[in-house]
Amino acid sequence: MATCAVKGGCPSDYVAVSISLLSVILLLAKATTPYLIHKIPRPKGSSFWLVAIQIFASFNLLLSIVMALGFLRFRRRYWWSSCYIWAVWIEGPLGFGLLLSSRIVQAFQLYNIFVKRRLPPIRSFVLLPLVLLPWIVCAAFIHLNKPLNSRCHMGTRWIIPVICLHALYVAALVGFTGAVRHIEFRFQELKELWRGILVSICSIGIWVVSYILNEIHEDISLVQIISRFFVLLMTSVLVLAFFSISISQPLISLKSLGTKDHQEYSMMGRALGIPDSGLLAQRELMQLVDPNEPLEKLLLNRRFRYSFMEFADSFLAGESVHFYEEVQQLDKIPLSDHVRRVYMARHIIDKYITPGASMEVNISHRCRQEILSTLDLAHPNLFKNALNELIQLMKMNLAKDYWSSTFFLKLKEEARIKTVDNELEQSGWNFSHRLSSVHCADDPFHQEHSPRKSSSSSRDFELQ
């Protein structure tokens, strides 16, 4: 036991390493399931790379603890096995520090979007290095003073400032979470923030106890083995509980292996419970389409809009129509429901407005900047100018070709058949397969078939 306590390779060490590997596998499965199983296109911008950074930081944190605390039996003869690389740089700025910093950036985004109702004033790729800067400075200072011994342990006078830095970042996360606690989130963002805070505090507490035990009882083998086992075990729990996808990608967070009927959440409108969002109802009223009417009026007809959308998608130019559809869903949300309006507006901006978005629409730079720099994401006319530009663009391009396409002929034929069926139903004809629905005076079955009359007639027959 004494040998493995110093050099590593104890049975408990391998158990802890196996648990950490399992946590990494579960973390990767949780992050990649929506893209691999449901074939969702990868988002662009901070909504994707902040989640990717969390995975990178979690892996670094687990690996640094394994390498720094001597879970595996190897000699530190090479520069890459140095304590200052694993216990200082990878565990600090590239591990726990990066993990906390990415979560703070996400909480800062939530605060600006839902409390201030505006996009964050500082881009995420600028804010993250600024938040991480104290960790880099602290790691550089420790590296210069070299307080670590051969077993990667540091003295008590170094542990206290390091733990205070951990606690400072948790306190910052608590501050942002407290500022958004009154928001009625729809995708469990607040729950995941509090869960991350709770697990972080527990992890820091266990790390403090383990470091103290390692420093005070460095000569007791059993204490060394147990303390490092719990450090890695708690870190494995931390990376799983701390991971969040709903804060950056709320719609994608609903599509996991455990989610039933994930097709119900293929659109943000459905996920937010907006009425009449999604597919057309089978019995929806069909109206004849007049090509001479303005496009703005025609697009208000859902069947025409969906036919026009299919036509535009066939030419890989359906972004404008999809944008119009989602703005129509936004307009159905009451002005007093700020949270749902902000959710929908943020979704539209990320999908259609942000440069490089998956379905970026062709609007002027002035119009795009007006939306991105808005001071009220819940404003009713946020996308009005963009919508006007896109309608004019559709008039010049798509609309002219649509009237001679098979999509319009199919829509016109469906409208004609539906109109004939409605006229026949209104005139009293019913082409159902039931015999009792035939409207004829000689119909022997044209009578009431209530249970009472049937029973009474049977009794009269018996009496006769």
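The values are calculated or read from the model by the stated rules, or taken from the named source; none is laboratory data. A quick note: this is a predicted structure, and the numbers were derived from the prediction, not measured. A quick note on method: Cβ atoms are made from the backbone with ideal geometry, for glycine too, and the neighbour counts reach across all protein chains shown. Side chains are part of the model used for accessible areas, which takes the heavy atoms of the whole protein and leaves out ligands, DNA and RNA. Shrake-Rupley method; radii C 1.70, N 1.55, O 1.52, S 1.80 Å.
General remarks:
- Annotation note: trypsin sites (Lys or Arg not before Pro) in region 26-66 located in DSSP loop regions with a Cβ neighbour count of at most 16 within 10 Å are Lys39, Lys44.
- Of the chymotrypsin sites (Phe, Trp or Tyr not before Pro) in region 20-100, the ones in a loop by DSSP (not H, G, I, E or B) with at most 14 other beta carbons within 10 Å are Phe74, Tyr78.
- Fully extending the segment from Gln369 to His182 would add 64.3 nm, taking 0.36 nm per residue of separation and subtracting the current Cα-Cα distance.
- Note that region 305-344 presents 37 Å² accessible area per residue, ligands and nucleic acids not counted, probe 1.4 Å.
- Judged by the mean number of other Cβ atoms found within 10 Å, the most tightly packed of the peptides 100-107, 119-126, 15-22 leads the ranking 100-107, 15-22, 119-126.
- Direction-averaged projected area, Cα convex hull, region 12-96: 6.7 nm², rounded to one decimal.
- Ranked order, Lys384, Lys351 - accessible area, probe 1.4 Å, largest first: Lys384, Lys351
- Rounded accessible area of Ser373 (nearest 10 Å², 1.4 Å probe): 80 Å²
- Estimated FRET transfer efficiency when R0 is 56 angstrom, pair Ile201-Ile37 (beta carbons, to 0.05): 0.95
- Shape call, region 41-157: gyration tensor on alpha carbons, a/c limit 1.5: prolate
- Gyration tensor verdict on region 297-357 (Cα atoms; rounded if a/c is under 1.5, prolate if a/b is larger than b/c, oblate otherwise): oblate
- Near Asn362, once Lys and Arg are set to +1 and Asp and Glu to -1 for all other residues with Cβ below 13 Å from its Cβ, the sum equals -2.
- Taking Cα centre as origin and charging only the Cβ of basic (Lys, Arg, +1) and acidic (Asp, Glu, -1) residues, the dipole magnitude of region 89-186 rounds to 220 debye.
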